[in-house]
Ligand code: SF4
């Protein structure tokens, strides 16, 4: 392993920090950035102030995330007293803005698109050698690269695996097709190989990632070059992928996926949910609006009735499956009646959670031409009404689990107690659990009797454990400053 070259020609250790904004895809990309840097001889700094290299992995789905980026870049500017610190802007804003970002923030050394992560060390070496600030934002359309996660020595119970990237859907509010490019798919052998390697290293739950993850098909098959319209319409290759992973990686306990598109929730994918014990009884299925007129303006390519028909079919086939979703309020032209149709859909589908956002116009999206005519105060009021309905449904759902026994995959100890751990139920509820003294159930699937429901989580105990009045404190661990937001 060679260390990065310093300007005086010596090789020395350089410390880095990666700050992440946005969605799971960005969190996943940040891990790959860390791995690429570690392989090139960089080490992770504990604090932002200790880092000679700061990589900001950005999100442009909403205006707020972009404002946070510019504010952070302002703090990292020349006045920060670290003139030799290198600053890299990666992710969706990097891809969207390219060279323009170098003009807006001249102290940025490198602007790096999501497909150019493997080139990061070479570009940093060039910067060290005196190259001017550079924007490298080229899609890998001809030869798509999917970086494999490097195993972290048994410390991880859950992990993400990318199966496709880009998006061909063109929803009118969304910048992703511009920032992530057209759809590219990863061969099944490569996906299954990475998951098997993770499982050997102790990972027990994998979430398959992609912008429209359930549209996946295997690019290495004979069918791959046919346009999608000429491929068998009812056959879901994604369902076949789930079956293959379950068959070939028996160590795996759970297999989730995000984010699916409702159009690709096909009958055989529903069958896979019913047949495969490792696919949990929970689905996050973005709907965005409950009004057909809005869905048309958003170019979502399904109707409210089709959405409900599919989730009902899933819940009939797999009773007890819970649903969560994504919703936008204040999309151009949204009337009170259209918003009420959304509230009505939220009740009818019985969502137990949702990511809800106020519409904000994004440059380069078709919806820009529709204006932004819903006043901010109306957007805020509708968002609050949505939260209120969802809070009631989530609370009722969590309360209904008190006294029941749920299966929990334990992800690790929490910070508050020596015997308290945290995991997720198969329906994705966060469960804090008390383990018997001296037992560490991390990585195991355990039965937990639910004793209490909080606003967003549950508390329970494993057989043989008691819940103390006050947990025994666990020593505090140091944490890096958090500037990003989880879940775009
Ligand atoms: S399917 Fe999702 S990622 Fe693709 S354009 Fe629509 S909202 Fe954006």
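Bear in mind that the values in this text are calculations on the coordinates, not laboratory data. As the structure is a prediction and not an experimental result, all values here were calculated from the model. Because the Cβ atoms are built from the backbone with ideal geometry, glycine has one as well, and the counts that use them run over all protein chains shown.
Structure notes:
- Within the chain, helix-based [θ] at 222 nm, where runs of 4 or more DSSP H residues each add -39,500 (n - 2.57), nearest 500: -9500 deg cm²/dmol
- Part-to-part distance (alpha-carbon centres) for segment 303-339 and segment 9-72, which is given in Å: 36 Å
- Distance histogram for segment 158-399 (every C-alpha pair counted, 10 angstrom bins, percent rounded to whole numbers): 7, 29, 34, 22, 7, 0
- Between residue 336 and residue 140, the modelled label-to-label distance comes to 5.3 nm, taking each label 7 Å out from Cα in the direction of the beta carbon.
- Of the Cα atoms belonging to segment 231-331, the radius of gyration and Dmax stand at 14.5, 46 Å.
- Alpha-carbon spread of segment 14-136, three principal axes, descending order, Å: 34, 30, 26
- With 5 Å bins from 0: P(r) over segment 405-462, alpha-carbon pairs, percent: 5, 23, 38, 25, 9, 1
- Ordering of 262-274, 393-405, 50-62 by packing [mean C-beta count within 10 Å, highest first]: 50-62, 262-274, 393-405
- The distance between label points at residue 275 and residue 451 comes to 4.2 nm (points 7 Å beyond Cα on the Cα→Cβ vector).
- Model label sites at residue 44 and residue 235, defined 7 Å from Cα along the beta-carbon direction, differ in position by 4.3 nm.
- Every Cα-Cα pair in segment 294-358 was counted, and those over 13 Å apart are 68% of them.
- The Rg/Rh ratio for the chain is 0.96, where Rg is the radius of gyration of the alpha carbons and Rh is the Kirkwood radius.
- Short to long, the 10 Å bins of the Cα pair-distance histogram for segment 302-417 hold 11, 33, 31, 17, 8, 0 percent of all pairs.
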